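Laboratory data are not the source of any read-out in this text; all were calculated from the coordinates shown. Computed from a prediction, not measured in an experiment: that's the story for all the values here. Here the Cβ positions follow ideal geometry from the backbone for every residue, glycine too, while neighbour counts run over all protein chains shown.
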Amino acid sequence: MNRTWWKEAVIYQIYPRSFMDSDGDGIGDLQGIISRLDYLKYLGIDIIWLSPIYKSPNDDNGYDISDYQDIMDEFGTMEDFDELLKAAHERDIKIVMDLVVNHTSDEHQWFVESRKSKNNAYRDYYIWREGKDAQTPPNNWGSCFGGSAWQYDEMTDMYYLHLFSKKQPDLNWDNPKVRKEVFDMMTWWCDKGIDGFRMDVISMISKTKEMPDGKDGDFSPYCIHGPNVHKYLQEMNEKVLSRYNIMTVGETAGVTTEQAQQYAGEDTHELNMVFQFEHVEGDGKYGKWTDKKIPLVTLKQILSRWQTELYQKAWNSLFWDNHDQPRAVSRFGDDRPMYREVSAKMLATCLHMLQGTPYIYQGEELGMTNYPFESPNDFRDIESINAYREWCSEGRLSHEEFWPCITFKSRDNARTPIQWDDSPQAGFTVGTPWIAVNPNYTEINAKVETANMDSVFHYYKKLIKLRKENPIIVYGKYEALMEDSEELFVYTRTLDSEKLLVVCSFCDHETNFTIPAEFVGTVCLISNVQNAYDKAEMTLKPYEAFVLYYK
Ligand code: TEU
């Protein structure tokens, strides 16, 4: 397998709006990020993935871009960005930009032009269709954020496609002019010196020409992994990506392991790695909404399949959470005070010892938890607001039925401000934050975490360091053990004569475990509790995790 820097790296995702506010307007910004680079350097990460910082009316917090070559007013200026890039590079930290090119904002100049007339030069930059009749959209597709995926536009009496909000019209990638604009824009950023792209819903850029009704309004068969997606990515690779030493990760919702081998194959000339979502999706009770944890056996089956089927063929990314997912410790671990730290460390061990490039979502390294929402008025996210309206206000479910599900999975759980210290607003802002700070900030914050050597933060720091010292963590072959266990996630990694054993307990009680003979008495690289590993028969503590190693 080819050895490369982006396989060996650890990536930290920043959601700028909630990271650090430097000017007191309650919204995080670029100067705020600059002021915390030393914190990230101390943690030991190699690369920052910046969620969108471009000019945007913020219908979807920056994922609706109105100018790809300018900075969102609230976040600062292009000078601030240049300063951030320089300051990061001085610390050997790379910056990967979010590339949102499946759609633009409806306030982007291209769309402002496009909607003006049927023969406007930009008309074909977007996807316009006639309605079935005056009141009926072209087909029954639903948008990801609720309602129809088509918006009627009076100006030309036609509908445009938007797979997300109506303020996010989909670009028409079949138009060569669109592809050229996007590639030129990417080249402009690469020439600036950025280090890569995370590509938003890149698996959706190619749509079928025919657009028939979907089963229950589902657009997936016609819009995800569409007919030309690989052709367009290869063209992007040839024209832009291959000319720079950058890394790319594609957000490829709905991707299978076979498809990932094409998107992120060792020699397919498309992307470096994918985000797959099987382990964070498909657990829904009402659409994506649920209050239940995924059963451990299912979780292991999914992750093990990805480990095995991509081995030496393609590269994957590793994540428990991001800005679209609830907090890892609340979802996969146990956020009750007595188990929060130990289960957060267990999850970190489990993920960082797998094959792939690990992503840490801001605050995960502090063991930050889901937010205790009290009312729908607490939501800021368009998805949660629309979902509550569709499921409850429109009468499909009672508040009591839906509330535990939406609060467990709301994207706003991940979007509350980073808890820096125990001062008002957790040290995030001196103003009023755009979204409420989690009240547990007095106990859970970066000041406490960095001061305490046994903290979740220092545990992440140690995991990152181990990765640098042990190529087996990056390149070793994965093998699952105890696949039927509903309590333990156990696996080995092998590289030549070296071998690792990873044992993670996902339960809140003690369990018996037999260390495989070859590992008894070997070196313990890391563990989250005090225990002895020199005898085969042992008792694991709640949420215990440890890694044994021999050569
Ligand atoms: O998310 C794309 C995506 O696949 C969504 O279905 C996502 O899982 C969503 O949050 C549903 O719960 C990307 C971005 O990460 C997200 O923040 C944006 O809202 C979306 O694209 C549109 O740009």
Problem set entry | Nitroxide proxy distance, nm - points 7 Å out along Cα→Cβ at Glu90 and Thr4 | 3.0 nm
Exercise. Considering amide H positions built from the backbone, and no H for Pro or chain starts, which residues 5 or more places from Gly196, or on another chain, come under 5 Å of its amide H?
Worked result: Met97, Met247
Exercise. If the label point is 7 Å along Cα→Cβ of Lys465, which residues in the stretch 322-343 have backbone nitrogen under 20 Å from it?
Worked result: 342
For this session: Taking the chain as the reference, fit the longest principal axis to its C-alpha atoms, fit the long axis of helix 456-469 to the helix C-alpha atoms, and give the angle between the two in degrees, 0 to 90, nearest 10.
Result: 90 degrees
For this session: Report the full-extension gain for the segment Thr539 to His399: residue separation times 0.36 nm, less the Cα-Cα distance, to one decimal in nm.
Result: 46.1 nm
For this session: Grab the Cα-Cα distance for Asp157 and Gln109, subtract it from 0.36 nm times how many residues apart they are, and report the gain in nm with one decimal.
Result: 15.3 nm
Exercise. What is the Cα centroid distance between the stretch 162-206 and the stretch 221-237, reported in whole angstrom?
Worked result: 12 Å
For this session: Measure out, as a whole number of angstrom, how far apart the alpha-carbon centroids of the stretch 71-108 and the stretch 448-481 sit.
Result: 29 Å
For this session: Mark the label point 7 Å from the Cα of Asn512 along Cα→Cβ and return the residues of the stretch 528-551 whose backbone N is within less than 14 Å of it.
Result: 536-540
Problem set entry | Nearest-ten-degree value, helix 296-310 long axis tilted from longest Cα axis of the chain | 80 degrees
Exercise. Can you give the angle from 0 to 90° between the axis of helix 229-239 and the longest principal axis of the chain, with both taken from C-alpha atoms, to the nearest 10?
Worked result: 90 degrees
Exercise. Per residue, what volume in Å³ does the convex hull of the Cα atoms of the stretch 392-535 enclose?
Worked result: 205 Å³
Exercise. In nm, to one decimal, how far is the modelled label at Asp267 from the one at Asn175, with both set 7 Å along Cα→Cβ?
Worked result: 3.8 nm
Exercise. Over the C-alpha atoms of the chain, what are the Rg and the largest Cα-to-Cα span, Dmax, in Å?
Worked result: 23.4, 77
Problem set entry | When each of Lys231/Lys292; Lys292/Lys477; Lys116/Lys209; Lys86/Lys345; Lys293/Lys551 is checked by Cα-Cα distance, pairs over 28 Å | Lys231/Lys292; Lys292/Lys477; Lys86/Lys345; Lys293/Lys551
Exercise. If pairing requires two Cys Cβ atoms under 4.7 Å apart, which cysteines of the chain are left without a partner?
Worked result: Cys144, Cys190, Cys223, Cys392, Cys405, Cys507, Cys524
For this session: Determine the gain in length on full extension of the stretch Arg336-Asp191; use 0.36 nm per residue of separation and subtract their C-alpha separation, reporting nm with one decimal.
Result: 47.5 nm
For this session: Set the Förster radius R0 to 22 Å, insert the Cβ-Cβ distance between Asp124 and Asp218 as r into 1/(1 + (r/R0)^6), and round the FRET efficiency to 0.05.
Result: 0.25
Seminar exercise, completed: In whole angstrom, largest first, the equivalent ellipsoid semi-axes that the Cα gyration tensor gives for the stretch 323-368 are 17, 13, 8
